[in-house]
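Down below is the structure, laid out as structure tokens.
The values are calculated or read from the model by the stated rules, or taken from the named source; none is laboratory data. Just so it is clear, the model here is predicted, and its values are computed rather than measured. We place every Cβ from the backbone using ideal geometry, glycine too, and count neighbours over all the protein chains shown. For the accessible areas, the whole protein counts, side chains as well, though only heavy atoms, and no ligand, DNA or RNA atoms are used. Shrake-Rupley method; radii C 1.70, N 1.55, O 1.52, S 1.80 Å.
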Amino acid sequence: MTTCLTSNGRSQKQALRGRSVVPSRLSKRHCIFLLTLVVPAWGGSSEANTLEGDVVTVAGRMRGAASPLEIGDPTIEALRPRTLDQIVRSLPSISLAQNSRGESVAAVRGRGERETLVTLEGIPLNDPWDGRVNFAALPAGLIGAAQVAPEGDVAFASGSVVAFDLISDPPRLSGMAEKGTGDLASAQLTASLSSIVVDALHTERSGAPLSSASDAFDSQNGQRQRTNSDRVLSSLSAAARFARGPFQGGAFALSSASSYGVPPENHLDPEGDQIRYWRVPEDDRLLLGGYGALTQSAGTIRTRLWHQRTDRRIEIFPDASFLTPTSTEDASSKDTGAAISAEHSGGSSSVKAGGELRRLSHDQASPEDEKFARRKGAAWLSAEIDQNSTSLSGSFRFEGSESLQSGGRPEAPHFGLFTGRISAAYRPDTDWEVRLSAARLGRLPSLRELYGEQLGRFLINPDLKPESRNVASLSVSRLAGPFTFTATGFAERSNDGIGQRVVLIDDQLFRQRINQDGFSSLGLEVNANLELSSALHISATATALSFQDVTETQFPAERPENQGEARLIYTADSGIGGSLFLRHRGEAFSIGAEGERIRLPASQELDAELSYRFLAKDRSLDLFLRVENAFDADILPQLGLPAPGRTARGGLRLSL
């Protein structure tokens with residue numbers, strides 16, 4: 001395959017470890033898409049080179065969502081993220097873990113990973129087949145802000161939403177290079193001209209370090225590294241914005257090529273249990289998105305268009321040597337869609353309405369040639385009245401789907417799902433707000449949940465149906481001043497939640513998707529920020545959950561009962577800088593080999609960084625040294641899959 005960006009290569013070294021590592025690749029077709037993306041923007045106004053004002057709204061940023069919780073600079077800059085998972089772990093209300101497929105997935109308020117839509121500039125990132133997002137396989141180079149709306153936004157989804165926005169003021173030219181533990185090596189180059197920005201990233205590691213306190217039995221290459229935990233990611237991204245008269249719009253493209261190992265679950269018995277000895281030599285993605293808004297005296301019309309394609313190969317091995325695969329699975333998934341909405345405002349009220357249409361498909365090329373496809377559509381309506389110190393809002397959304405191809409299996413029935421939200425807010429002055437909200441959320445089963453039996457571990461359930469969730473919340477917020485905070489108490493009840501059970505057939509254990517009896521939960525979220533000066537920032541977020549109606553066989557797996565993060569960030573125009581991130585993850589439960597409930601211990605983690613900035617006119621050079629999990633804590637988000645131990649990385653960033 002012709003490439004335009006390749007790995008600087010450890011293929012030979014990794015081959016000596018018995019691994020079939022494929023160099024990172026971005027196809028010629030993907031590169032051409034990226035180069036042609038920026039052509040329409042050359043004549044655009046440079047005033048659209050920022051996400052401020054109307055351009056934010058054009059991009060599909062959530063408006064009127066129930067208490068969206070956001071992080072931006074200086075938090076994102078202090079994290080020095082290479083991939084999206086390094087941002088998501090600091091978002092309020094979210095717990096992040098690596099699953100048994102080697103993917104970094106996230107849960108909002110203890111819900112399922114598939115209950116959350118993830119967007120970039122309003123364009124969905126969720127996998128068309130599985131419905132989840134592997135945040136570790138997506139670059140973070142152009143991300144300027146991230147927010148989570150636990151009660152969602154009907155303009156985008158029937159459930160909760162995590163939204164990423166592009167950087168608002170990209171540097172003219174910036175380069176980064178770093179080295180670290182586990183043969184970590186990263187390089188990034190960002191360049192902008194007028195309303196166009198391009199970013200290239202390459203990052204790789206030979207393995208994730210094990211904590212010295214971990215009793216995990218696996219290691220690789222004679223070191224305390226998780227077996228089969230190497231990872232490579234190369235990406236090329238481009239974005240453009242333009243404004244002409246009453247029309248504003250933008251477009252972006254992202255092409256990424258990832259390869260990684262899937263660490264075996266080390267609590268399973270190699271002699272009797274089904275262990276995934278997998279490698280993913282190809283996990284490639286092409287994402288194209290465009291958005292626009294036309295504003296007239298009568299109102300505003302907005303559009304969003306997107307196309308996403310993922311190509312993935314899984315190699316399956318008989319044991320932990322990873323020498324010769326016994327089989328491979330090749331698949332390609334696509335999500336193509338369009339959305340349109342109209343907004344009219346008059347006096348103290350506003351009305352919005354819109355709809356979207358999507359086609360999702362999954363072509364399984366091996367071990368057997370199978371094709372799956374569905375059509376999804378949605379329509380939504382929202383209204384808001386804002387008078388003096390009080391505002392009222394309400395919205396509803398209908399989402400439906402029909403099966404187009406089912407891989408030779410019985411077709412799933414047509415699904416329909418109604419969701420809605422109501423909210424009332426009272427503001428005694430400009431500093432304070434009290435908000436009472438109620439919502440009915442939900443989601444449709446993913447294609448994989450409906451038809452995904454080819455993995456050999458799951459049985460199809462022809463009676464699977466959509467799940468729903470009822471939510472009520474009360475929040476108090478201080479909105480202005482050096483100290484701001486939001487405290488939210490909430491109660492939730494899930495109905496027909498899609499979970500799984502263990503089934504014994506002919507002395508072999510299988511898992512099956514089922515609609516479970518509902519769980520109830522009570523929770524409290526607190527998010528606070530203190531800005532002592534333009535250079536010193538202190539912030540904290542904490543979530544406590546109490547799950548009800550839990551049994552030994554049905555429970556929310558890998559959902560911590562409480563969690564939190566405290567941040568201390570010091571940034572200066574020049575000289576010394578630094579940051580401290582202290583995280584707590586409370587006790588949780590995981591699923592054992594026979595479906596039993598096993599307790600996961602609580603853990604604490606400290607990340608620390610020291611940096612120094614040299615500044616000359618409008619040019620800067622940053623030197624940094626960052627240590628993550630500084631105390632080498634044994635962190636177990638999921639049974640048999642410990643998080644990395646102490647990791648150090650250092651490097652430089654040059655901005656011109």
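Give the residue that is modelled with the lowest pLDDT, with candidates limited to residues of segment 582-596 that are under 22 Å from the mean Cα position of the chain (by Cα) and among the small types (Gly, Ala, Ser).
To start, the set of residues in segment 582-596 that are under 22 Å from the mean Cα position of the chain (by Cα) comprises 582-586, 588, 590.
Retained after the next criterion (residues that are among the small types (Gly, Ala, Ser)): 586, 588, 590.
Numbers: Gly586: 95, Ala588: 92, Ser590: 88.
Across segment 582-596, the extreme among qualifying residues is Ser590.
Specify which of the listed residues (Gly645, Gly650) is touching a residue at least 24 places away in the same chain (Cβ under 8 Å) and not in a loop (DSSP other than H, G, I, E, B). Talk me through it step by step, then tell me what you get.
Values: Gly645 fails: not in a loop (DSSP other than H, G, I, E, B).
Answer to the selection: Gly650.
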Take the conditions in contact with a Leu (Cβ under 7 Å, 6 or more places away or on another chain), closer than 26 Å to Arg109 by Cβ and either open to solvent by 20 Å² or more (accessible area, probe 1.4 Å) or part of a strand (DSSP E or B) (or both) and apply them to Leu606. Does it pass?
yes
The correct count of residues that are crowded, with 16+ Cβ neighbours inside 10 Å and in contact with an Asp or Glu (Cβ under 6 Å, 6 or more places away or on another chain) in segment 338-350 is 2
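Going by what's in this entry, would Leu582 be described as within 29 Å of Glu204 (Cβ to Cβ), touching a Lys or Arg at 6+ places or on another chain (Cβ under 6 Å) and among the aliphatic types (A, V, I, L, M)?
Numbers: within 29 Å of Glu204 (Cβ to Cβ): yes; touching a Lys or Arg at 6+ places or on another chain (Cβ under 6 Å): no; among the aliphatic types (A, V, I, L, M): yes.
So Leu582 fails the test.
Okay, residues lined up against (1) at pLDDT below 90; (2) out of contact with any helix residue (DSSP H, G or I) (no Cβ under 7 Å at 6 or more places or on another chain); (3) open to solvent by less than 20 Å² (accessible area, probe 1.4 Å); (4) not hydrophobic (A, V, I, L, M, F, W, C):
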{"residue": "Pro170", "(1), (2), (3), (4)": "yes, yes, yes, yes"}
{"residue": "Ser195", "(1), (2), (3), (4)": "yes, no, yes, yes"}
{"residue": "Arg205", "(1), (2), (3), (4)": "no, yes, no, yes"}
{"residue": "Asn221", "(1), (2), (3), (4)": "yes, yes, no, yes"}
{"residue": "Gln225", "(1), (2), (3), (4)": "yes, yes, yes, yes"}
{"residue": "Val232", "(1), (2), (3), (4)": "no, yes, yes, no"}
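Among the residues of segment 622-633 satisfying the criterion of being in a strand (DSSP E or B) and not hydrophobic (A, V, I, L, M, F, W, C), which is surrounded by the fewest Cβ atoms within 10 Å (Cβ to Cβ)? Write out each step before concluding.
Narrowing segment 622-633 to residues in a strand (DSSP E or B): 622-628.
The next check asks that each one be not hydrophobic (A, V, I, L, M, F, W, C); those that pass are 622, 626, 628.
Details: Asp622: 18, Arg626: 23, Glu628: 21.
Checked segment 622-633; the qualifying residue surrounded by the fewest Cβ atoms within 10 Å (Cβ to Cβ) is Asp622.
Sort out for me the strands (runs of 3 or more DSSP E) sitting completely within segment 88-150 that have 2 or more residues that are open to solvent by less than 10 Å² (accessible area, probe 1.4 Å) and hydrophobic (A, V, I, L, M, F, W, C). Before the answer, list the steps.
Numbers: elements: 94-98, 104-108, 116-120, 143-149.
Those strands (runs of 3 or more DSSP E) span 104-108, 143-149.
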The correct count of residues that are under 30 Å from Leu536 (Cβ atoms) and without any contact (Cβ under 8 Å) to a residue 60 or more places away in the chain in segment 468-493 is 10
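Here is a yes/no grid of residues against (1) of a type outside the set (Asp, Glu); (2) open to solvent by 50 Å² or more (accessible area, probe 1.4 Å); (3) not in a loop (DSSP other than H, G, I, E, B):
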{"position": "Ser403", "(1), (2), (3)": "yes, no, yes"}
{"position": "Arg409", "(1), (2), (3)": "yes, no, no"}
{"position": "Leu436", "(1), (2), (3)": "yes, yes, yes"}
{"position": "Leu441", "(1), (2), (3)": "yes, no, yes"}
{"position": "Asp463", "(1), (2), (3)": "no, yes, no"}
{"position": "Val471", "(1), (2), (3)": "yes, no, yes"}
{"position": "Val476", "(1), (2), (3)": "yes, yes, yes"}
{"position": "Thr486", "(1), (2), (3)": "yes, no, yes"}
Can you tell me how many residues within segment 492-539 are open to solvent by less than 40 Å² (accessible area, probe 1.4 Å), over 29 Å from Leu450 (Cα atoms) and not in a loop (DSSP other than H, G, I, E, B)?
6
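Please go through segment 422-438 and pick out each residue that is closer than 27 Å to Glu492 by Cβ and in contact with a Gly (Cβ under 7 Å, 6 or more places away or on another chain). Even if it seems obvious, please write down each step before you answer.
In the first step, residues of segment 422-438 are kept if they are closer than 27 Å to Glu492 by Cβ; the result is 422-427, 432-438.
Listed by number, the list holds a single entry, Ile422.
Residues to consider are Ala243, Ala238; find the one that is in contact with an Asp or Glu (Cβ under 8 Å, 6 or more places away or on another chain), open to solvent by less than 50 Å² (accessible area, probe 1.4 Å) and modelled with pLDDT under 95. Even if it seems obvious, please write down each step before you answer.
Numbers: Ala238 fails: modelled with pLDDT under 95.
Only one candidate passes the filter, namely Ala243.
Please find, among Ala257, Ala185, Ala253, the residue that is touching a Phe, Trp or Tyr at 6+ places or on another chain (Cβ under 7 Å), hydrophobic (A, V, I, L, M, F, W, C), part of a strand (DSSP E or B) and surrounded by 18 or more Cβ atoms within 10 Å (Cβ to Cβ). It would help to see each step written out before you state the result.
Details: Ala257 fails: touching a Phe, Trp or Tyr at 6+ places or on another chain (Cβ under 7 Å); Ala185 fails: touching a Phe, Trp or Tyr at 6+ places or on another chain (Cβ under 7 Å).
Residue meeting the stated conditions: Ala253.
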Specify which of the listed residues (Gly408, Gly416, Gly442) is modelled with pLDDT under 90 and not aromatic (Phe, Trp, Tyr).
Gly408
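Restricting the search to segment 351-369, which residues are open to solvent by less than 70 Å² (accessible area, probe 1.4 Å), of a type in the set (Lys, Arg) and under 16 Å from Pro124 (Cα atoms)? If you could, list the steps in order and put the result at the bottom.
Going residue by residue through segment 351-369, those that are open to solvent by less than 70 Å² (accessible area, probe 1.4 Å) are 352-356, 358, 360-366.
From the residues that got through so far, the ones that are of a type in the set (Lys, Arg) too are 352, 358.
Of everything in segment 351-369, just one residue is open to solvent by less than 70 Å² (accessible area, probe 1.4 Å), of a type in the set (Lys, Arg) and under 16 Å from Pro124 (Cα atoms), namely Arg358.
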When Leu305 is evaluated against the numbered criteria (1) hydrophobic (A, V, I, L, M, F, W, C); (2) touching a residue at least 40 places away in the same chain (Cβ under 8 Å); (3) in a strand (DSSP E or B), which criterion, by number, is the only one it fails?
(2)
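On the given criteria, is Arg599 in a strand (DSSP E or B), modelled with pLDDT of 95 or more and among the basic types (Lys, Arg)? Can you show your working first?
On the way: in a strand (DSSP E or B): yes; modelled with pLDDT of 95 or more: no; among the basic types (Lys, Arg): yes.
The answer is no for Arg599.
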Take segment 609-621 and flag every residue that is surrounded by fewer than 20 Cβ atoms within 10 Å (Cβ to Cβ) and either acidic (Asp, Glu) or on the phi > 0 side of the Ramachandran plot (or both).
Lys617, Asp618
Is there a residue being in a strand (DSSP E or B), among the aromatic types (Phe, Trp, Tyr) and open to solvent by less than 40 Å² (accessible area, probe 1.4 Å) anywhere in segment 320-329?
no
Within segment 267-302, residues polar (S, T, N, Q), in contact (Cβ under 8 Å) with a residue 60 or more places away in the chain and not in a strand (DSSP E or B) come out as Gln274
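In this structure, does Glu399 turn out to be of a type outside the set (Ser, Thr, Tyr), closer than 26 Å to Phe135 by Cα and modelled with pLDDT under 95? Steps first, answer last, please.
Details: of a type outside the set (Ser, Thr, Tyr): yes; closer than 26 Å to Phe135 by Cα: yes; modelled with pLDDT under 95: no.
Here the answer is no, as Glu399 does not meet what is asked.
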